[in-house]
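Report on the following structure.
The numbers here are math on the coordinates, done by the rules we state, and not lab data. Just so it is clear, the model here is predicted, and its values are computed rather than measured. Here the Cβ is made from the backbone with ideal geometry for all residues, glycine too, and neighbour counts use every protein chain on show.
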Amino acid sequence: MFLIVVDGRHLPKSVPGPPVMNFIQRVRRKVFRPRETIEGYENPELVETIFRKTINYKPAGDWPLVAGLRTVLDFGGGAGRHYKLACQLSPDIRWAVVETPAMVRRAKELATDQLMFFVQIGKAADWLGSVDLIYSNGAIQYVPDAFKTIRDLCAVGAETMVWHRVPISDGEPRREVQTSYLSDNGPGQSLALKEKLVTYERQWISEQGFVQAHEGYRIVERGPDAGEQGTQQFKFSSC
Ligand SMILES: C[S@@+](CC[C@H](N)C(=O)[O-])C[C@H]1O[C@@H](n2cnc3c(N)ncnc32)[C@H](O)[C@@H]1O
């Protein structure tokens, strides 16, 4: 296992990231390292932080990917942060987030007739009817079985699948413990909260396995993802 610290910028390229830390903030982090560590994406404090930051989040900008779309399944979409931008650009869009049980329980307070939260991919797809786009940003590396999840997503039969911030390994797949600051999780401005460290296990996914799991799809775009160092982005179209 490796220990790394990341700054939690988890955004589609069209969305500005959290403010870059100034010198004093960086020094504070070095000197006052949080004493407490919480674990996993289902930790209630982490879920609550992401939920509250998403409510406060006011995205702006363009996102051509969602222009004109009617239905999107967002795998690992948190409390709906990507929907907040998408609905500004496509006001009638319907958006199904597939998330952990803990996030779905908390975020369903934000559900509307256009935004819904599901634990199961099949239920999300049923609610959407036909699915124009499957979108996933920085989430597939946290699921217990990434290839099964990809196959389940392919079975939905969306025209297009777009992946952002996928950690692709150079060789064999490997698992590591990722560490971030609690305040860096979730979109937009930090909340005034007691700082903690958060750990979660993530997988570096083999390129061959990732591509092969996309049964019935072909790659139309791929490249490094500027949203997170070392990760890749992909766009697949159905064959
Ligand atoms: C780095 S965050 C990315 C959130 C969002 N997509 C974004 O770009 O800000 C990873 C997300 O994956 C979710 N996640 C982790 N395990 C999951 C699972 N088994 N199924 C669905 N979502 C999961 C987490 O709850 C979290 O919201």
### Task
Could you pull out the GluC sites (Glu not before Pro) across the stretch 186-239 that fall in loop regions by DSSP (anything but H, G, I, E, B) with no more than 10 other Cβ atoms inside 10 Å?
E215
### Task
Find the Rg to Rh ratio for the stretch 142-239, where Rh is the Kirkwood radius over alpha-carbon pairs and Rg uses the same atoms.
1.03
### Message
Compute, for the chain, the length of the dipole vector about the Cα centre, with Cβ point charges of +1 (Lys, Arg) and -1 (Asp, Glu) only. Units Debye, rounded to 20.
### Response
800 debye
#### Entry: Degrees, to the nearest 10: 44-56 long Cα axis against longest axis of the chain
70 degrees
### Query
For the stretch 167-213, max minus min Cα coordinate along each principal axis, in Å, sorted largest first?
44, 19, 15
### Message
From the helices alone, meaning DSSP H stretches of at least four residues, give me the mean residue ellipticity at 222 nm for the chain, per-run term -39500 (n - 2.57), in deg cm²/dmol to the nearest 500.
### Response
-7000 deg cm²/dmol
### Message
Only sites in a loop by DSSP and with at most 10 other Cβ atoms within 10 Å count here; which trypsin sites (Lys or Arg not before Pro) in the stretch 104-197 make the cut?
### Response
K194
### Task
Restricting to the stretch 134-223, compute how many DSSP beta bridges are antiparallel as a %, nearest 5.
55 percent
### Message
Taking 0.36 nm per residue of sequence separation and subtracting the Cα-Cα distance, how much length would be gained by fully extending the chain between R70 and V177, in nm to one decimal?
### Response
34.8 nm
### Task
Determine Rg/Rh for the stretch 97-160; Rg is computed over alpha-carbon atoms and Rh is the Kirkwood hydrodynamic estimate from the same atoms.
0.94
### Query
At what distance in nm do the modelled label points of V27 and E109 sit from each other, each positioned 7 Å from its Cα along Cα→Cβ?
3.9 nm
#### Entry: Rounded D (µm²/s) - the chain, Kirkwood Rh over Cα pairs, Stokes-Einstein at 37 °C, 0.692 mPa s
180 µm²/s
### Query
Computed on alpha carbon atoms, what radius of gyration and Dmax characterise the stretch 56-120, expressed in Å?
11.2, 31
